[in-house]
Structure formats: structure tokens, C-alpha cells
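Scroll down for the structure; my scribbles are underneath it.
The values are calculated or read from the model by the stated rules, or taken from the named source; none is laboratory data. Note that the coordinates shown come from a computational prediction; the quantities given were computed from them, not determined experimentally. Note: ideal-geometry Cβ built from the backbone for every residue, glycine included; neighbour counts use all protein chains shown. Calculation scope for accessible area: heavy atoms of the full protein, side chains included, ligands and nucleic acids excluded. Shrake-Rupley method; radii C 1.70, N 1.55, O 1.52, S 1.80 Å.
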Amino acid sequence: MLTAPRLAHLTPNWFAVVMGTGIIAVATSSLPVNLPGRRGIALMFWILAVALLAVLVTAFAVHWIRHTEHARDYARSTTMFPFYGALPMAVLTVGAGTAAVGSTVLPAGLAFAVAGTLWAIGTIGGLATSAVMATRLRAVADRGTPVPAWLMPVVPPMVSAATGAALVTHLPEGPARAAMLAGCYALFTLALVFALFIVALIAAEFRDGGLPPLQALPTMWIPLGIVGQSIAAANNLGTAAGHAVGHDTATALHLFGLGYGLLMGTVMIVVIAAVCVLTARAFRQGLTFTMSWWSFIFPVGACAVGMGAFGVAGDFEIPRLLSAGLLGALVVAWCVVAVHTAHRLRTRALPAPA
């Protein structure tokens, strides 16, 4: 149980637990392969993600009220601030799960109203973390080494673009749908450009200074989050365009999604192979559990969702099967990381000073 004194060191990276749990619900519900029991699995993980989000939001509010100085120190920290991006992504992921899974057990109108509200909150929060990261980037670069976690504050707008596509058809026909679609493409572009800039900084650092320390190596999986979510966004928006804009424009956007999915899907496979090799080597060198292990979860889920969206948009069998394989690996990884996290909570090893 998280008592008030233990909440002194409740850092924003804890919201990665919600992200990782919620993405399983989203990936399972959207899986383009008919596996037995997947609806029940999706519902279970969605309910768990909702509960975790409620608990963590409450605990985080207590953290800021009762341990304000600790909270401010973490917000100012070049190491910890980037993880504030996990908070809007957690909200967006639960919102996406509410639209995809919650709508099967709740009245559809209520489910999509809640999903839309969570999308709006998460989008505003994600734009805020991106803006703060943009204003701090030079200072952060001067005081710290570029690391994959720097992507965390800039990924939320891409998650908004990917998840917002599901809301387009639930708006009134006409300008409202077109505006929502245009806004999602703007979020897609903003996140992609900013992410590519940060990836270039990180790549230059890896070239000159080598890989992150052993215990931080799981964060090497974080860039896959932007890859997977961007594939999902490009293809989900391309599909939604058929309900929002003219035929020619919708066809062009659909083809863009397929081309982007092919290009970034290839990149995704290469990156997954590379980080798998690096992770296996890290385990052989003695990698032990830290909260950074949650970096394994959401990015893999994002890739599963992205491949599923690409497979459906183009009616491609290989991406669909790849989506199912990634989902299977995701569930296994989530079980391992969740058990380790629960054990350290029970033994009061977590939360710990960052």
C-alpha cells in the first residue's frame, strides 16, 4: 500500500505502468487476427488500466500537495522531467481503450464521450509537455547527455493523432470531422518533426559517447513508441479520411498511410532486431530490475497497434501476423515486469528516491 510518506518519491515515470497496461487493451481489441478470448483479455486490461490511472492520479496529487519540494525538484530535474510525458500518454491510452473496449460494455454514447474527454485532456497535456521540452531543450542539452527518455514529452501528440482517428466518425458530418482530421494530421507532423530532431541528437551521442549505462539500457526501446504510433496514426487517419473529406483527398491520404507504413515498418523491424540483441547482451551482463523495464512494454504495444492498423488498411497478411506476434510477446513481457513491480511494492523497495 502507498502510504503518504512513501509518496514522497512517486515520480512521473510510474504512469508508464498505465501506458503499458492500457496499450494491451488497445492492441488486443484492434488485433486483426481472430484469437479466442481476446475480447475478455482486452476488457480485463482496460479495467485494470482505468483502476491504475485513478490510483496514480490520486497518489500523484497527494505527492504534489504533501511533498511539494520533492515534486518541484523532480519537475526541474533534467533526468526526471521527460517522464512527465508519460502522464498525458497514460490518459490518452485509457481514452483509446475506453473507445475500443469500454464501448462494448458501456452505452456507446457514454463511452465515446468519456473517450473524447480523455483525448482532449491528454492532447492538451501532451502539447504542454512538448512545449516545455522545446523551451528547455537547449538548457537540458547543456546540462545532460541526450538519452532516449527525451522522446517521452514529445510522443504524446503522436498518440493523440493515432487515437483521435477513432473519434472522427463520432463527430457530426461536415466541418467538424474535417477539422478533427486536420488537427490530428497537425499533431502527427508536430510530433514526427520534433521526434526526428531528438532522435538525431541521441544518435549523435551514441556515436560519440556509446550506449546508455547498463541499468538504463531498457530505455533504448522508447524510440519504437514513436515508430509504432506514427504507423498507427498514418493508417488510422488514412482510413478515417474516407468519412471526413472528398474522395481524391481521402485516397491520397490512404496511400500516404500505406507508403509510410511500409517505410517505417521496415525501420521498426530493423530497430526491434537491434534492441533485442542489445537487451539480451545487457541481461548477460547482469541487468537487474528497475522501473526502466516498463520501457519494454508500451513501445512494443505501439508497434503491435501500428502493424495491425497497417495490415487492415492495406489488407496485408504479414503485418497482421506480425501484430499478433508482437502482442503475444507484449503480454509475456508485461507479466514479467508487473510481477517484479508488485514484489518491490510489497517489500517497500518502491517507490524509491530517483
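Worth pointing out:
Conditions (1) over 27 Å from R207 (Cβ atoms); (2) of a type in the set (D, E, K, R); (3) surrounded by 18 or more Cβ atoms within 10 Å (Cβ to Cβ), marked per residue:
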residue	(1), (2), (3)
V105	yes, no, no
A108	yes, no, no
S130	no, no, yes
T135	no, no, no
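- Residue within the stretch 154-166 that is under 23 Å from the mean Cα position of the chain (by Cα) and either among the aromatic types (F, W, Y) or at positive phi (or both) present: no
- Checked against (1) exposed (fewer than 14 other Cβ atoms within 10 Å of the Cβ); (2) part of a helix (DSSP H, G or I), Y74 meets all criteria but (1).
- Top-ranked residue of the stretch 330-354 - restricted to ones that are of a type outside the set (F, W, Y) and closer than 18 Å to S29 by Cβ, ranked as most open to solvent (accessible area, probe 1.4 Å): V331
- Taking each residue of the stretch 108-135 that is part of a helix (DSSP H, G or I) and looking for partners that are open to solvent by 50 Å² or more (accessible area, probe 1.4 Å) with beta-carbon atoms closer than 6 Å, six or more apart or interchain, yields F112/H170.
- Qualifying residue in the stretch 233-249 (condition: without any contact (Cβ under 8 Å) to a residue 12 or more places away in the chain and surrounded by 14 or more Cβ atoms within 10 Å (Cβ to Cβ)): yes
- Within the stretch 111-127, the set of residues being among the hydrophobic types (A, V, I, L, M, F, W, C) and open to solvent by less than 50 Å² (accessible area, probe 1.4 Å) comprises A111, F112, A115, L118, W119, A120.
- First in the stretch 320-348 and closer than 18 Å to M44 by Cβ and touching a residue at least 24 places away in the same chain (Cβ under 8 Å), second anywhere and open to solvent by 60 Å² or more (accessible area, probe 1.4 Å) and assigned to a helix (DSSP H, G or I), Cβ under 9 Å, 6 or more apart: V331/I41
- The one condition in (1) at pLDDT 95 or above; (2) more than 22 Å from L127 (Cβ to Cβ) that Q229 fails to fulfil: (2)
- Set L258, L278, L217: member being touching a residue at least 40 places away in the same chain (Cβ under 8 Å), open to solvent by less than 20 Å² (accessible area, probe 1.4 Å), at negative phi and not in a loop (DSSP other than H, G, I, E, B): L217
- Every pair of residues 6+ apart whose Cβ atoms lie under 7 Å, when the first sits in the stretch 63-79 and is closer than 16 Å to F15 by Cα while the second is open to solvent by 40 Å² or more (accessible area, probe 1.4 Å): A71/W64; Y74/A354
- Residues (of a type in the set (S, T, N, Q) and assigned to a helix (DSSP H, G or I)) located in the stretch 147-190: S160, T163, T189
- In the stretch 300-327, the residue that is farthest from the chain's Cα centre (by Cα) out of those that are part of a helix (DSSP H, G or I) and among the charged types (D, E, K, R) is E317.
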